[in-house]
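Any read-out appearing in this document is the output of simple, stated calculations on the displayed coordinates, not a laboratory observation. Since this is a predicted model, take the numbers as computed values, not measurements. Here the Cβ positions follow ideal geometry from the backbone for every residue, glycine too, while neighbour counts run over all protein chains shown.
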Amino acid sequence: MEAVIRPVAYIRSDFSEKFGIPRQSGLVPETVGEIRFEPKFRDPSAVRELEQFSHLWLLWVFSEFVREGEAWSPTVRPPRLGGNRRVGVFATRSPNRPNPIGLSCVRLLGTENTEQYGTVIRVAGADLMDGTPILDVKPYLPYADSRPDAAGGFTDAISARVLRAEIPEELLRRVPEEKREPLREVLEQDPRPSYQNEPDRVYGFVFAGAEIRFRVTDGIAEVVDVK
């Protein structure tokens, strides 16, 4: 007998498109998201004592990668390996997988009872696009989930590209004050694909309702426009 799996909630985040989303949860710790449960799951007792925990696991759907049929590829090209090296799909966190399920560890900011959405959960450090379906929410257990001596496979050899963000004051004023530091963090994590390094190219992504245009030269992400 097959189990029926359906979303229990959806997340509201500042990322309305895939480009610009942090590559892993926790890399941009100041981004804030709100988990809104489906009406059937808005019973406040379902999150009773949740605030005793500092972090949560989110199981979610790569909704932009859902495919019809049974076609799948046993190997993928991770962007962090330059896009030209194939590895097994189960050795990656690629969204192109038989079941498009993602896993993220986020920091719990708190729960709130609202009139429109019932009890919502506010989290930080999520790497989810706005509107992503959430399949489940589970507490992070330090005694069981933390493995400081774990090996990271081929990712251990990949250096995290960190840039210095430069945003002119007149452009920064176009971004809501509470979103300015998260925007810096997104830029510093270098949202470009790892195989793209064109100094004169202007990249763009939408963050917190604003279109951010930037270029990267000599390790500096310079914002050239905010619309």
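Worth a mention:
- Sequence-distant contacts, meaning Cα pairs under 8 Å at least 6 residues apart, place the relative contact order of the chain at 29 percent.
- The range 103-161-the range 207-225 distance, computed between alpha-carbon centres (Å): 26 Å
- Cβ-Cβ FRET estimate between I101 and E169, R0 fixed at 35 Å, reported to 0.05: 0.25
- Listed residue (T114, M129, V87) projecting farthest to the positive dipole end of the range 86-133, Cβ model: V87
- Modelled FRET efficiency - R0 35 Å, K138 with E30, Cβ distances, 0.05 increments: 0.90
- Tensor-based shape of the chain (alpha-carbon gyration tensor, a/c under 1.5 rounded, otherwise prolate or oblate): oblate
- For the range 138-227: rounded, prolate or oblate by the Cα gyration tensor [a/c cutoff 1.5]: oblate
- Förster radius 45 Å - calculated FRET efficiency between F154 and E17 (Cβ-Cβ, nearest 0.05): 0.95
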